[in-house]
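Novice: Below: one structure in structure tokens.
Laboratory data are not the source of any read-out in this text; all were calculated from the coordinates shown. Since the model is a prediction, treat every value here as computed from it, not as a measurement. Here the Cβ positions follow ideal geometry from the backbone for every residue, glycine too, while neighbour counts run over all protein chains shown.
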There are 2 protein chains.
Amino acid sequence: MSKVRIAILGLGTVSTGVCKVIDINKEQILKRSGYDIEIAKILVRDIHKERELKFNEGILTTDPEEIFSDDSIKIVVELIGGIEPAKEYILRAINNKKHVVTANKALISNYGDEILNAAEKAGVKLYYEGSVAGGIPIIHGINESLTANKISEIIGIINGTTNYILTKMTFQNMEFKQALEEAQAKGYAEADPTSDIEGFDAVYKLTVLASLAFGTEVDVKDVYREGITKISKADIEFARDLGYVVKLLAIGREKDGKLELRVHPTFIPKMHPLANVNDVYNAIYIKGNAVGDLMLYGKGAGEMPTGSAVVSDIISVLRHNMDNTYTVSQRNIFWDKKVIPMEKTVSEYYLRFAVKDIPGVLGEITTLFGKNGVSIYSVIQKGKKGDPVVPIALITHSTEEHKINKSIEAISKLPFVVGLESLVRVITE
Amino acid sequence: MSKVRIAILGLGTVSTGVCKVIDINKEQILKRSGYDIEIAKILVRDIHKERELKFNEGILTTDPEEIFSDDSIKIVVELIGGIEPAKEYILRAINNKKHVVTANKALISNYGDEILNAAEKAGVKLYYEGSVAGGIPIIHGINESLTANKISEIIGIINGTTNYILTKMTFQNMEFKQALEEAQAKGYAEADPTSDIEGFDAVYKLTVLASLAFGTEVDVKDVYREGITKISKADIEFARDLGYVVKLLAIGREKDGKLELRVHPTFIPKMHPLANVNDVYNAIYIKGNAVGDLMLYGKGAGEMPTGSAVVSDIISVLRHNMDNTYTVSQRNIFWDKKVIPMEKTVSEYYLRFAVKDIPGVLGEITTLFGKNGVSIYSVIQKGKKGDPVVPIALITHSTEEHKINKSIEAISKLPFVVGLESLVRVITE
């Protein structure tokens, strides 16, 4: 049995998971990779910081050069996150002919192309299963198992924090703020939760997935983004009454060679396979022209699930004897596909207006929708007799977004309309 | 772009799917494999039979020698099914240094070891993703993506026919016979449905999955098997009342180095991820010690989904340039694990007795359970006042199967007990 020396950059949650997995599943890994993995170096900022795991003298280092200049280290595992110095370190590892495994979604979504190209040229492997959806093998799935398919759609619940918050709002009738506080108390949301609740995290992940699924470069800036901060208990209840649940979805679709890419809260039918994905679980739903509908479900984050993905990537590098025998590019970029602007996308819409409760309100509103080419599928008017302002919630039939925008503009000018309180897109299948 | 010539053995449903996938996704496959795939030969029994697809003169052949002796054919795709002549053909292909892709569950479950060994020795690849759960990439998932895990449990809905029948029984209140007839009318069940409804098909598939997941040889004969023919509408209704649904599950578990392997109808809680897998869909639920819970869901059979799996396997052979660079055996057999006998397995149980409706019945029955060390979790007694015979349905707490058997033996002797009408195992998480 050969020994292989690896180095890890960073020693946070995921790194700790990687060290634990390598330790507790030593025999498993040995059998399946053919190698005994030795963690030779771990790059940290402070050697003396109190940590859960203890390491032998000399393993922790603050000097990256000890890793990059050491020819006996064959694989570098980048887990510091963010753009710099992660990017510089990965390029240095590649240039020193080391294989790279990373779980860095921000880096891959923004600079994946540059980094994969560099790896390609240097003849080393670069795997990044851990960058999206933790332990769920979605990247491997697209790159190795669904290769015979033309993928037309990829829809994911790929942010555990927001899924936890929406689950709490749904099942425990919490408002957003209370659910967020609970998520923070449980460690599912960060002190500054912006990246999760505003959808930035999901945009990074969708960029990575869409690029692979559709075989084209995808720019983070081309992904429409809307977080869940405006979703209220009232919307969750209307969704329930209408037969839906609310989820933050990352949606990628290809039609006629053009892409739709968007992250936003969405009404999904109660019977949809994604509707029952709750708490911090993630799931990715794919449509391929051969495989049909496929869904992968599991833990999208955390020390051990992401550790599972990273260590499985290390094993993949080792299993093929660290040879780079691919006949085709690891980049998987084969086409140049354009993203269509949001106003040209087609969807159904949930809209909630606050209106003064006078006769004829509904008639005038639906007339204005009709004039803008939008037809209504379902309407609920709530509120008690005597309330000065009541909510009207509607679901439209499928329509282009610009028609919805025009309708809202016209309806907002009606004297008895107080305002648009909520707009959530709807998917039906 | 290189060209590669392949041959297909058989031209039934899956072969037709393979030909269609290779045709409609030609560009996709070219980009992802680096090869232009040419179907050079297809082995059939009758060249002149009327078929959906048309082929150029010379492609269809009844002579296997035309394939095995042709050195320009690099990959043989076996899709005739069954043991012989499939096995002989595969071994001949291997001996002629051809890579093999198959979707033959009966063959892999019974002779996988022999065939994989032969491939190993000849230095060719043998892939069989299509043999279990159609388009769901479960074999690739276990072999390539979950390699860093010790898998403790694999639970699958891996037979579409029985899942369709149970779904009809559940949502349309059909009895088994009627649901089976509908499945046959729709082409989801064969004229002789034995292999599906008696669980043989699921046993083959579980054998393949368990062998990979637990890294040990598994004998088809060691898998406990029970079909769904005894499940009645009454059981489905009791399940509903008690908060469960009924599914035919294939269960593989490892505990302390010993295996539990069984296929039988099972009560599963309504909130379990497998509970919402309906119609002909399949799903496989896995527990790994790093990844946690993972579920893969999709179409378990059919021309295109299975075609997707087979063609993705062909691409996998090609992507690595047909080199056999693995550092470890393709067989993935590393340990020798024993299967524990069914009577020593632990489960919860649903039991339905028919009893004469006289006072004290329930007391005497539960007393006998207690004497045999079985405690009761939940009881429902149905039937109208005046019915001479009524059903009593119970769910036990977790217990060993031999204790249940002893309890039933004792209870059956009670004078007012007409008989045990139903026994279904229960899983709780």
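Novice: Quick one: compute a quarter of the convex hull surface over the Cα atoms of chain B and quote it in nm².
Specialist: Taking the Cα atoms of chain B, their convex hull projects to 22.2 nm² on average.
Novice: Using Cα springs under 10 Å in a Gaussian network model of chain B, which residue among B:Arg253, B:Arg331, B:Arg45 shows the largest mean-square fluctuation?
Specialist: B:Arg45
Novice: A further question on this structure: Quick check on the protein assembly as shown: helices-only [θ] at 222 nm, where DSSP H runs of length 4 and up contribute -39,500 (n - 2.57) each and the sum goes over total residues. Nearest 500, please.
Specialist: Details: 26 runs with 286 residues, N = 858.
Counting only the DSSP helices, I get -10000 deg cm²/dmol.
Novice: Over region B:138-299, calculate the relative contact order: mean separation of alpha carbon pairs under 8 Å at least 6 apart, over the residue count, as a percent. Please list the in-between numbers first.
Specialist: Working: 297 pairs, mean separation 54.9, N = 162.
Computed over region B:138-299, the figure is 34 percent.
Novice: For the protein assembly as shown, count all C-alpha to C-alpha pairs, find those more than 40 Å apart, and express that count as a whole percent of the total.
Specialist: Numbers: 158209 of 367653 pairs.
Percentage above 40 Å: 43.
Novice: Averaged across the residues of B:293-302, what count of C-beta atoms belonging to other chains lies within 10 Å of each residue's C-beta?
Specialist: Per-residue shielding by partner chains comes out at 6.
Novice: Using a ≥ b ≥ c from the Cα gyration tensor of region A:11-133 (square roots of the eigenvalues), is it rounded, prolate or oblate, where a/c under 1.5 gives rounded and otherwise the larger of a/b and b/c decides, a/b for prolate?
Specialist: rounded
Novice: Please list the equivalent ellipsoid semi-axes of region A:189-267, computed as the square roots of five times the alpha-carbon gyration tensor eigenvalues, in descending order and whole angstrom.
Specialist: So the three semi-axes of region A:189-267 are 25, 17, 8 Å.
Novice: Moving to a separate point now. Can you tell me which lysines have their Cα less than 22 Å from the Cα of B:Lys74? Leave out same-chain residues fewer than eight positions away.
Specialist: Within reach: B:Lys3, B:Lys20, B:Lys26, B:Lys31, B:Lys41, B:Lys87, B:Lys97, B:Lys98, B:Lys121, B:Lys125.
Novice: What are the distances, in nm and sorted shortest first, from the label point of B:Glu429 to the label points of the same position in each other copy, with each label point placed 7 Å from Cα along the Cα-to-Cβ direction?
Specialist: 3.8
Novice: Count the lysine pairs in region B:344-426 that are 8 or more places apart or on different chains: how many have C-alpha atoms under 19 angstrom apart?
Specialist: 11
Novice: Send over the semi-axes of region B:223-339's equivalent ellipsoid, whole angstrom and largest first, taken as the square roots of 5 times the C-alpha gyration tensor eigenvalues.
Specialist: Details: eigenvalues 219, 86, 38 Å².
So the three semi-axes of region B:223-339 are 33, 21, 14 Å.
Novice: ³J(HN,Hα) across region A:270-280 via Karplus (A = 6.51, B = -1.76, C = 1.60, θ = phi - 60°), whole Hz, x for Gly/Pro?
Specialist: 3, 8, 5, x, 6, 5, 9, 8, 10, 6, 8
Novice: Something else about it: List B:Asp46, B:Asp293 from most exposed to least, where exposure is judged by having the fewest other Cβ atoms within 10 Å.
Specialist: B:Asp46, B:Asp293
Novice: At what distance in nm do the modelled label points of A:Asp241 and A:Thr367 sit from each other, each positioned 7 Å from its Cα along Cα→Cβ?
Specialist: Distance between label points: 2.4 nm.
Novice: Please work out the Cα center distance from region B:358-429 to region B:156-195, rounded to the nearest Å.
Specialist: After rounding, the separation between the Cα centres reads 29 Å.
Novice: Tabulate in residue order the Karplus-calculated ³J(HN,Hα) for region A:112-129, using 6.51 cos²θ - 1.76 cosθ + 1.60 with θ = phi - 60°, rounded to whole Hz; enter x for Gly and Pro.
Specialist: Listing the rounded values in order: x, 4, 4, 5, 5, 4, 4, 4, 3, 5, 7, x, 10, 8, 9, 10, 8, 3 Hz.
Novice: A follow-up question, please. Sort largest first and round to whole Å: the equivalent ellipsoid semi-axes of region A:345-426, each the square root of five times a Cα gyration tensor eigenvalue.
Specialist: 21, 13, 10
Novice: Taking amide H positions as placed 1.01 Å from N in the peptide plane, with prolines and chain starts having none, which residues 5 or more places from B:Tyr377, or on another chain, fall under 5 Å of its amide H?
Specialist: Those qualifying (amide H under 5 Å, at least 5 residues apart or on another chain) are B:Ile395, B:Thr396, B:His397.
Novice: So, one more: Using only the alpha-carbon atoms, what does region B:134-233 span along each of its principal axes? Please give whole angstrom values in decreasing order.
Specialist: On the principal axes, region B:134-233 reaches 45, 26, 22 Å in Cα extent.
Novice: Okay, next question. Measuring label to label, 7 Å along Cα→Cβ, what does A:Leu362 give against each other copy in nm, shortest first?
Specialist: So the distances to the same position in the other copies read 4.7 nm.
Novice: Can you work out the FRET efficiency for the pair B:Lys384 and B:Glu181, with r the C-beta to C-beta distance and R0 = 25 Å, to the nearest 0.05? Walk me through the numbers on the way to the answer.
Specialist: Numbers: r = 30 Å, r/R0 = 1.21.
Computed FRET efficiency for B:Lys384 and B:Glu181 comes out at 0.25.
Novice: Further, regarding this structure: Please compute, for peptide A:25-36, the average count of beta-carbon atoms on other protein chains lying within 10 Å of each residue's beta-carbon.
Specialist: Partner-chain Cβ atoms within 10 Å, mean over residues of A:25-36: 5.
Novice: Which one, A:Val263, A:Val21, B:Ser2, is farthest towards the positive end of the dipole of the protein assembly as shown when Lys and Arg carry +1 and Asp and Glu -1 on their Cβ?
Specialist: A:Val263
Novice: Continuing with the same structure: Taking the convex hull of the Cα atoms, report for region A:138-299 its projected area averaged over all directions, in nm². Don't skip to the answer; put the middle values down first.
Specialist: Working: hull surface 37.3 nm².
Approximately 9.3 nm², given one-decimal rounding.
Novice: Can you tell which of A:Ser378, A:Ser131, A:Ser407 shows the greatest fluctuation in a Gaussian network model of chain A with Cα springs below 10 Å?
Specialist: A:Ser378
Novice: Which lysines have a Cα lying under 18 Å from the Cα of A:Lys168, excluding residues fewer than 8 positions away in the same chain?
Specialist: A:Lys177, A:Lys186, A:Lys230, A:Lys233, A:Lys247, A:Lys270, A:Lys299
Novice: A follow-up question, please. Along the Cα-to-Cβ line of B:Asp23, 7 Å from the Cα, sits a label point; which residues in region B:47-88 have backbone N less than 12 Å from it?
Specialist: B:51-56
Novice: Is the shape of region B:250-297 rounded, prolate or oblate, going by the alpha carbon gyration tensor and its root eigenvalues a ≥ b ≥ c, with a/c under 1.5 for rounded and a/b larger than b/c for prolate?
Specialist: oblate
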